[in-house]
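Student: I'd like to ask some things about the structure below.
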Amino acid sequence: MADDNELENLFAQARQESSGMPDDLAVRIETDAELVRLKRLKAAKRPELRAWRKVIEGIGGLRVLGGLAAACAAGIWIGFSAPAFLPDPANLFLPQEATFLMAELNLDTEYLEGTE
């Protein structure tokens, strides 16, 4: 086993020796690193978007499209299963008398009847 003084002498000797890398090697490493950096900058092109992807991005992205789909589904659900106090939407398109629609709403229709 080595003596502590012998070990300290070896460390001191290693500190005094400067075994730096040659200048031309450092220049070659830096040049290579710069070339790699420039190639990565050129390769970072954004791919062209497809037609549907352009539409989705135009709307605002997938999150907005999801919210829009949920709102549409809720509207369709409410439209088909409307509450009892609302008139049936199909009756609005059929030619009917106003008194019939008012009777559906359970409102007072006496003012529509002529009091002559």
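Student: Can you give the extra length, in nm with one decimal, that the chain gains between Asp24 and Phe85 once fully stretched, where that is 0.36 nm per residue apart less the Cα-Cα distance?
Tutor: That pair, Asp24 and Phe85, stretches by 13.1 nm at full extension.
Student: In addition: Work out the FRET efficiency for Phe93 and Leu65 from their Cβ-Cβ distance, taking R0 = 35 Å, and round it to the nearest 0.05.
Tutor: With a Förster radius of 35 Å, E is 0.70.
Student: How would Glu48, Glu8 line up from fewest to most surrounding beta-carbon atoms within 10 angstrom? Present the calculation step by step, with values, prior to reporting the outcome.
Tutor: Numbers: Glu48 7, Glu8 10.
Placing the least packed residue first, the sequence is Glu48, Glu8.
Student: How far, in nm, would the chain grow between Asp4 and Arg37 when pulled straight, counting 0.36 nm per residue and subtracting the alpha carbon separation?
Tutor: 7.1 nm
Student: Once fully extended, how much extra length lies between Ile76 and Trp52, figured as 0.36 nm per residue of separation less the alpha-carbon to alpha-carbon distance?
Tutor: On the way: separation 24, 0.36 × 24 = 8.64 nm, distance 2.41 nm.
Separation in residues times 0.36 nm, less the Cα-Cα distance, equals 6.2 nm.
Read-outs: derived from the displayed coordinates by stated rules, not from any lab. Just so it is clear, the model here is predicted, and its values are computed rather than measured. Heads up, the Cβs are rebuilt from the backbone with ideal geometry, glycines too, and the neighbour counts pull from every protein chain shown.
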